[in-house]
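*Asks:* Below is one structure. I have some questions about it.
Throughout, read-outs are computed from the coordinates displayed, never taken from laboratory work. These numbers were taken from a predicted model, which means no experiment stands behind them. When we count neighbours, we look across all protein chains shown, and the Cβ atoms used for this are built from the backbone with ideal geometry, even at glycine.
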Amino acid sequence: MKQNLIALAAGVLFGAGLAFSGMADPARVQGFLDLFGQWDPTLAFVMGGAIIPMALAWMLQRRMQSPLAVSKFSLPGTTQLDRPLAVGAVLFGMGWGIAGLCPGPALADLAIAPTAVLPFVVAMVAGMALHRMLPSQH
């Protein structure tokens with residue numbers, strides 16, 4: 001129960017940040033990616049602003065024996081850049097550039113513009129399901 005409340009609070013904070021920064025608007029994201037047109041630097045400032053609290057969180061995590069709500073940290077098992085990671089990053093970037101959405105803003109936009117974002121969310125869920133059905137690369 002405690003970890004669900006923490007997850008809910010984190011999700012609400014993340015969603016509020018998306019809404020406040022305007023990053024739930026696909027046009028804002030596409031404007032950031034349009035380097036040779038009407039470039040919008042807003043997303044660069046949002047990303048830059050996220051670096052400081054994340055750096056502090058990593059410093060704090062290194063000093064903690066365990067997280068607050070579960071028995072151990074769930075960290076990636078490797079830092080290796082391999083083919084599946086690179087291909088996934090390229091596919092994510094292409095989808096992000098085409099739709100102007102990634103998973104967090106897409107779910108937030110279901111409350112704002114469900115008809116416009118629903119095809120993206122359906123495709124995203126289908127991709128997640130397909131990934132679970134395919135044999136593991138590791």
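*Asks:* Using the crude model of +1 on Lys and Arg Cβ and -1 on Asp and Glu Cβ, and no other charge, please compute the dipole size for the chain relative to its Cα centre, in debye to 20.
*Replies:* Roughly 620 debye for the chain.
*Asks:* Considering the dipole of the chain built from charges on the beta carbon (Lys and Arg +1, Asp and Glu -1) around the Cα centre, which of Leu68, Pro26, Leu81 is farthest to its positive end?
*Replies:* Leu68
*Asks:* In whole Å, what is the distance between the alpha-carbon centres of segment 90-138 and segment 1-72?
*Replies:* 18 Å
*Asks:* Something else now. Name the residue from Leu56, His131, Pro41 whose Cα lies farthest towards the positive end of the charge dipole of segment 2-133, charges +1 on Cβ of Lys and Arg and -1 on Cβ of Asp and Glu.
*Replies:* Positive-most Cα among the choices belongs to Leu56.
*Asks:* Please grab the % of Cα pairs in segment 2-133 that end up more than 18 Å from each other.
*Replies:* For segment 2-133, the fraction of Cα-Cα distances above 18 Å is 67 percent.
*Asks:* Can I ask one more? What is the calculated FRET efficiency for Trp39 to Gln80, with r their C-beta to C-beta distance and R₀ = 30 Å, to the nearest 0.05?
*Replies:* That gives a FRET efficiency of 0.35.
*Asks:* Once the other residues with Cβ under 14 Å from the Cβ of Gly97 are scored (Lys, Arg +1; Asp, Glu -1), what is the net sum?
*Replies:* In short, -1.
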